[in-house]
Amino acid sequence: MLTLHCPYCGTDADETDLHAGGQAHLKRYGPGSSDDQFEDYMFMRENPKGVHFERWRHVYGCGKWFLAARCTATLEVFGTYPAQTTEPPPDLRAKISAKRPGWTWGDFA
Amino acid sequence: MSDPISALQGRSTAGEVTIREAGLCGMITLRGELSNAKLRAVCKKITGQAFPEKAKIALGEDRGIAWMSPDEVLVMLPYAEVTDALAQIDSALAGQHYLAENVSDARALIHVEGGFAREILAKLTPADLHPATFGTGDFRRSHLGQVAAAFWMVDADTFAVVCFRSVADYVHDLLVASAKAGPVGVF
Ligand SMILES: [Zn+2]
């Protein structure tokens, strides 16, 4: 079972208290963007073996969306952080680097 | 006027642990900026309780404030006083961004009373109910079986559960089944 710490209400939420929201840190392209940009935003997703960033909603708890960094190969959770951010916080990235040297994900490393 | 009727009309299933619907309970969902001094003051005025910290509940005899989310609290008070309390909130927060709604008839309050009340809930929710983690004053939103529920401890042997009115029957039966199955003995 997956347990994620909700950064809003501070509780350790079980997988069944959560709703998965897909990939984190998507940049939205709408009106005025090119076809390629829109296709990228709409359909193209990371599919890593290893470090991954996801959106989760604490749906049975406080109801808030948050972001999580975890490893798709081992299910290790590196950390969670509020959704009001455009990139993973530096301390979390350092923590991941210590455990998975040389990791990359999208534009992040 | 028709008389207000609680979801299970006080249904009580007695046993080593008794599952009892608590009858009519006034509940107000209040959303807004929780650090707002006016919001805190009106909650205090209505309930007589200090504003709860994150994931906590402030409880009095028949009133309380439960922390629901970073921008929501559940204000509990006697059923008959809700209309007046809403008017107090509306006048205290006039012109501000907030929402206050009477949800008394949309919810059910069920008490779990007896020696292994903690285990009855622990069998039904993924929340960690170990005594070292969850005690008096803690408040948790999670699910019981298939449905959303919030719960807290009234005292060492009593838990209170709030669920949606439409699933009150299910929650009551679920708690009764868990009680009938007996204690597990892990705590
Ligand atoms: Zn939460």
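Taking region A:2-43 as the search range and keeping residues that are in a loop (DSSP other than H, G, I, E, B) and on the phi > 0 side of the Ramachandran plot, which one is nearest to the other protein chains (Cβ to nearest Cβ)?
Filtering region A:2-43 down to residues in a loop (DSSP other than H, G, I, E, B) leaves A:2, A:6-11, A:18, A:24-34.
Within this subset, residues satisfying the condition of being on the phi > 0 side of the Ramachandran plot are A:10, A:25, A:32.
Numbers: A:GLY10: 6, A:HIS25: 22, A:GLY32: 31 Å.
Ranking the candidates gives A:GLY10 first.
When only residues in region B:68-95 that are over 23 Å from A:TYR8 (Cα atoms) and in contact (Cβ under 8 Å) with a residue 60 or more places away in the chain count, which is farthest from the other protein chains (Cβ to nearest Cβ)?
Start the filter on region B:68-95 by keeping residues that are over 23 Å from A:TYR8 (Cα atoms), which leaves B:77-95.
Now drop any that are not in contact (Cβ under 8 Å) with a residue 60 or more places away in the chain, which leaves B:79, B:89, B:93.
On the way: B:TYR79: 26, B:ILE89: 21, B:LEU93: 21 Å.
Looking at residues that are over 23 Å from A:TYR8 (Cα atoms) and in contact (Cβ under 8 Å) with a residue 60 or more places away in the chain, I get B:TYR79.
Could you please give the count of residues in region A:12-26 that are surrounded by 11 or more Cβ atoms within 10 Å (Cβ to Cβ) and either under 12 Å from A:THR80 (Cα atoms) or more than 16 Å from the ligand (Cβ to nearest atom) (or both)?
First pass over region A:12-26, keeping only residues surrounded by 11 or more Cβ atoms within 10 Å (Cβ to Cβ): A:12-21, A:23-26.
From the residues that got through so far, the ones that are either under 12 Å from A:THR80 (Cα atoms) or more than 16 Å from the ligand (Cβ to nearest atom) (or both) too are A:12-13, A:23-26.
Residues meeting the conditions: 6.
Select from region B:16-36 the residues that are closer than 16 Å to B:VAL171 by Cβ and small (Gly, Ala, Ser) and write down the one among them that is least open to solvent (accessible area, probe 1.4 Å). Full working, then the answer.
Initially, region B:16-36 is screened for residues closer than 16 Å to B:VAL171 by Cβ, giving B:17-23, B:25, B:27.
Remaining after also requiring small (Gly, Ala, Ser): B:22-23.
Details: B:ALA22: 35, B:GLY23: 19 Å².
Residue satisfying both the conditions and the ranking: B:GLY23.
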Fill in the blank from the handout: Filtering strands (runs of 3 or more DSSP E) wholly in region B:95-187 for at least 2 residues that are of a type in the set (A, V, I, L, M) and out of contact with any helix residue (DSSP H, G or I) (no Cβ under 8 Å at 6 or more places or on another chain) gives B:147-155, B:158-164
Practice task
Evaluate region A:84-91: report whether one residue or more is closer than 30 Å to B:ALA66 by Cβ, of a type outside the set (D, E, K, R) and either within 16 Å of the ligand (Cβ to nearest atom) or within 14 Å of another protein chain (Cβ to nearest Cβ) (or both).
Solution key: yes
Handout entry: Output for region A:79-105, where each listed residue is charged (D, E, K, R) and touching a residue at least 40 places away in the same chain (Cβ under 8 Å)
Key = A:GLU87, A:ARG100
Fill in the blank from the handout: The lone condition B:ALA122 fails out of (1) open to solvent by less than 20 Å² (accessible area, probe 1.4 Å); (2) within 14 Å of another protein chain (Cβ to nearest Cβ) is (1)
Problem - Hits in region A:60-78 (condition: touching a residue at least 24 places away in the same chain (Cβ under 8 Å) and surrounded by fewer than 19 Cβ atoms within 10 Å (Cβ to Cβ)) - result: A:LYS64, A:TRP65, A:CYS71, A:THR72, A:ALA73, A:LEU75, A:VAL77
Exercise for the section: State whether the residues of region B:51-64 include one that is buried (at least 18 other Cβ atoms within 10 Å of the Cβ), among the β-branched types (Val, Ile, Thr) and more than 14 Å from every other protein chain (Cβ to nearest Cβ). Expected result: no
Problem - Looking only at region B:125-158, and only at residues there that are within 16 Å of the ligand (Cβ to nearest atom) and of a type in the set (Ser, Thr, Tyr), the one that is most open to solvent (accessible area, probe 1.4 Å) - result: B:THR133
Completion exercise
Of those in region B:96-119 that are farther than 27 Å from B:GLN146 by Cβ and open to solvent by 40 Å² or more (accessible area, probe 1.4 Å), the residue farthest from the other protein chains (Cβ to nearest Cβ) is B:GLN96
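The values are calculated or read from the model by the stated rules, or taken from the named source; none is laboratory data. Quantities reported herein were computed from a predicted structural model and do not represent experimental measurements. So basically every Cβ, Gly included, is an ideal-geometry build from the backbone, and we count neighbours across all protein chains shown. Note: accessible area is taken over every heavy atom of the protein model, side chains too, but ligands, DNA and RNA are not part of it. Shrake-Rupley method; radii C 1.70, N 1.55, O 1.52, S 1.80 Å.
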